[in-house]
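The values are calculated or read from the model by the stated rules, or taken from the named source; none is laboratory data. Here the structure is a predicted model, which means the values were calculated and not measured. Cβ placement follows ideal geometry from the backbone for every residue including glycine, while neighbour counts extend to all protein chains displayed.
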Amino acid sequence: MVAPKYSRVVLKLSGEALAGSLGYGIDPDVVNTIARQIKEVAESGVELAIVVGGGNIWRGVAGSAKGMDRATADYMGMLATVMNSLALHDALQKHDVDTRTMTAIEMREVAEPYIRRRAIRHMEKGRVVILAGGTGNPYFSTDTTAALRAAEIEAQVILMAKRVDGVYDCDPLTNPQAKKFKVLSYIEMISRGLGVMDSTAASLCMDNKIPLIVFDLNQEGNIKRATLGEKIGTYIGGELNGEGDH
């Protein structure tokens with residue numbers, strides 16, 4: 001069996017990924033498929049932390065744009081990530097994957113509070129850790145959460161699961177001439193405004209030299225392929241001579 005290239009990773013799932021073709025809410029069949037892929041990765045020995053978005057239930061920015069207090073809207077978004085995390089936790093447990101959900105906002109009845117060293121210890125024991133509740137602060141996205149937690153737990157890479165097979169110079173769903181990037185630097189990603197993640201998250205990744213792999217979640221087995229270092233999706237890193245040969 002081929003050994004994984006990355007031994008500790010952060011997997012970033014958008015809330016929309018859990019909605020599937022429904023476009024909103026949680027599709028149990030989609031969550032089950034994702035859980036099956038995660039089990040495969042966990043069984044390969046990779047230490048895995050997962051950050052889940054909440055956009056399938058609520059978007060704080062959207063609420064704020066319609067006049068709601070931004071902090072209140074963002075806290076609602078954090079609660080949405082907890083709902084998604086619990087759904088994923090349940091699916092993983094049904095697949096016999098030892099899982100812990102940790103939240104940045106304390107709610108002991110449903111999850112453990114996020115404590116960095118405890119999260120690392122869980123992963124060292126082979127448990128999948130789901131990191132819910134964003135950073136616990138308004139005005140920060142779950143992309144920023146993924147970057148922050150990856151730095152804290154010393155993850156080697158962030159795997160960004162999307163509904164497209166990489167990063168393009170424009171929307172491939174509306175423009176068939178869109179060009180796909182195989183490799184990008186952080187600076188290119190930011191300067192081109194490619195929308196992979198917000199500028200705060202991108203800066204965190206750049207400052208801490210955490211590479212990103214953006215890939216298609218809909219193709220089953222891609223999460224494991226990414227951990228093995230196979231050339232899928234788009235690799236985003238600092239130096240493009242060396243690691244950039246992804």
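Quick notes on this structure:
- Helices (runs of 4 or more DSSP H) fully within region 1-86 counting 2 or more residues that are in contact (Cβ under 8 Å) with a residue 40 or more places away in the chain, of a type outside the set (A, V, I, L, M) and closer than 22 Å to ARG163 by Cα: 15-19, 28-43
- Condition met for GLY77 (more than 14 Å from LYS12 (Cα to Cα) and buried (at least 23 other Cβ atoms within 10 Å of the Cβ)): yes
- Residue check for LYS66: more than 24 Å from ALA155 (Cβ to Cβ), modelled with pLDDT of 95 or more and among the charged types (D, E, K, R): no
- Some residue of region 164-174 being within 22 Å of GLY55 (Cα to Cα), surrounded by 22 or more Cβ atoms within 10 Å (Cβ to Cβ) and in contact with a helix residue (DSSP H, G or I) (Cβ under 9 Å, 6 or more places away or on another chain): yes
- The set of residues in region 113-132 being under 18 Å from LEU148 (Cβ atoms) and charged (D, E, K, R) consists of ARG116, ARG117, ARG118.
- Lone unmet requirement of (1) free of Cβ contacts under 8 Å to residues at least 24 places away in the same chain; (2) at negative phi; (3) in a loop (DSSP other than H, G, I, E, B) for GLY195: (2)
- Of residues in region 213-237 being under 15 Å from VAL41 (Cα atoms) and under 15 Å from the mean Cα position of the chain (by Cα), the one modelled with the lowest pLDDT: LEU217
- Qualifying residues in region 121-162 (those that are assigned to a loop (DSSP other than H, G, I, E, B) and hydroxyl-bearing (Ser, Thr, Tyr)) - the one surrounded by the fewest Cβ atoms within 10 Å (Cβ to Cβ): TYR139
- Taking (1) farther than 22 Å from PRO113 by Cβ; (2) among the small types (Gly, Ala, Ser); (3) out of contact with any Pro (no Cβ under 8 Å at 6 or more places or on another chain) in turn, GLY45 satisfies each apart from (3).
- Residue under evaluation ALA202, criteria (1) free of Cβ contacts under 8 Å to residues at least 60 places away in the same chain; (2) touching a Cys at 6+ places or on another chain (Cβ under 9 Å); (3) surrounded by 20 or more Cβ atoms within 10 Å (Cβ to Cβ), criterion not met: (2)
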